[in-house]
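Here's the structure we're looking at; comments come further down.
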Amino acid sequence: MTNVIDLRSDTVSKPSDAMRQAMATAEVGDDVFGDDPTVNRLEARAAEMTGKEAALYVPSGTMGNLIAVLTHTKPGDEILLGDQSHIFQYELGGAARLAGVITRTLTNRPDGTLDTGEIRAAARTENLHSPGSKLLCIENTHNRCGGAALPLDAMDELTSTAHSLGMAVHLDGARVFNSGAALNVPVSRVARHCDSVSFCLSKGLGCPVGSVLCGSKQFIESARRNRKMLGGGMRQVGILAAAGLFALEHNVARLSEDHANAAMLADGLRELGAFRPNTPQTNIVVADVIRGDVDDWLRSFAAAGVLAVGFGPQRMRLVTHINISRTDVDEALRRIQGAVGAVAV
Ligand code: TLP
């Protein structure tokens, strides 16, 4: 097989030559001393783009979410979050284990939202017997809900409900730039009423590493201490932050290409009769397997040179990204069609 078409995740994207060039020539300093000019510029730009006062460069989306939980809560508090959220599904219980909070899940609706009635019913006031619900975590775009971009009015309703109950809101915006692109609004609008938002540079934005956590000045000051506690304080890290600055300048406007490619991929899959894909709003295709077994399909796709991942029983996920062109999508569909044809014979 000459070139494998890797649709397992947008995390597999590789830095371009131009991005590597920006990294190689980055001005650096010791960021724990606050001396790295490139990190400082990235944090300032991220704060501006998310409409927050300040920002903090962190090694990963997982650490960004954990720092947000640590900073918004104290041990023994309760956080409310979606049962399909990344924080609950894929972060190894870090919020419970390391921030010491109770993680109370509410059912995510297929569009990635939560029912505000359920939030009201679940929210608890701290007293002698009960923990207080202090934080609502939402995710946008929503990974397990097929890259759903949460509607702005739902975001507003969720944030105002949480605030009226005395809870802060953290947005896991790992792919919030995809949400902005899908809704055709700036990310600052998507995150407007959220008290904190983290986004990943290492997914659709094409960086090798890094996420940014944004919020008020005071929030980011405590978040910086929590990052240090977790061992996430880095030194001449401008060399990585330079990739982030490059991405925010060059790789945001092109995200809609990934969305168009995902739509094309979903349409092509649907025609094959063995899969029931979503109608992707962004770059994530999730497809239910309606004929055969998901693991067998993943193996036969891989044998044909297309990589995807299992995403729950009888479901797979395929993600488009900066290294996947329209031609690659055509080719992937051709290879998948071959694999389906081979099984049908
Ligand atoms: N998601 C990864 C896997 O962990 C599932 C992927 O391939 O999609 N929030 C959301 C919504 C995410 O999708 C991810 C990564 C993270 C946070 C964590 O980011 P990292 O991997 O940088 O810790």
Order Ser188, Ser13 by their accessible area, 1.4 angstrom probe, all chains in place, largest first. Ser188, Ser13
Approximate spin-label separation Thr125-Val309, in nm, with each point projected 7 Å along Cα-to-Cβ: 4.2 nm
Using only Cα atoms, tell me the angle between helix 37-50 and the longest principal axis of the chain; keep it within 0 to 90° and round to the nearest 10. 80 degrees
Virtual spin-label span in nm between Ser256 and Asp156, 7 Å along Cα→Cβ: 2.3 nm
Ile324 - accessible surface, heavy atoms, 1.4 Å probe, Å² rounded to 10: 10 Å²
What does the charge count around Gly61 come to, taking other residues whose C-beta lies under 11 Å from its C-beta (Lys +1, Arg +1, Asp -1, Glu -1)? -1
Partner aspartates and glutamates for Lys228 [C-alpha distance under 12 Å; skip if fewer than 8 residues away on the same chain]: Asp31
Residues whose modelled amide H sits under 5 Å from the amide H of Val289, counting only those 5 or more places away in sequence or on another chain, are Arg276, Arg315, Met316
Where labels lie 7 Å past Cα in the beta-carbon direction, separation of Ser164 and Val343 in nm: 4.8 nm
In degrees, nearest 10, the alpha-carbon axis of helix 61-72 is tilted away from the dominant principal axis of the alpha carbons of the chain by 30 degrees
If each DSSP helix of 4+ residues adds -39,500 (n - 2.57) and the sum is divided by the residues in the chain, what number results at 222 nm, nearest 500 deg cm²/dmol? -13000 deg cm²/dmol
Name the long-range amide H neighbours of Val169: under 5 Å, sequence gap of 5 or more, or other chain; modelled H, no Pro or chain starts. Leu136, Asp195, Ser196
Between the helical axis of 238-250 and the dominant principal axis of the chain, each derived from Cα atoms, what acute angle in degrees is found, rounded to the nearest 10? 60 degrees
Checking the a/c ratio against 1.5 first, then a/b against b/c, what shape does the Cα gyration tensor give for segment 62-105? oblate
In Å², rounded to a whole number, the accessible area per residue of segment 1-150 with probe 1.4 Å is 44 Å²
Taking the alpha-carbon centre of each part, the distance from segment 87-131 to segment 176-251 in Å is 23 Å
If you take the square roots of the eigenvalues of the alpha-carbon gyration tensor of the chain and sort them as a ≥ b ≥ c, do you get rounded (a/c under 1.5), prolate (a/b over b/c) or oblate? oblate
Output for segment 1-52: GluC sites (Glu not before Pro) sitting in coil per DSSP, at most 15 other Cβ within 10 Å, listed by number, reads Glu27
What is the Cα centroid distance between segment 1-80 and segment 263-316, reported in whole angstrom? 30 Å
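The values are calculated or read from the model by the stated rules, or taken from the named source; none is laboratory data. Here the structure is a predicted model, which is why all the values come from computation and not from measurement. Cβ: placed from backbone, ideal geometry, glycine included. Neighbour counts: every protein chain shown. Side chains are part of the model used for accessible areas, which takes the heavy atoms of the whole protein and leaves out ligands, DNA and RNA. Shrake-Rupley method; radii C 1.70, N 1.55, O 1.52, S 1.80 Å.
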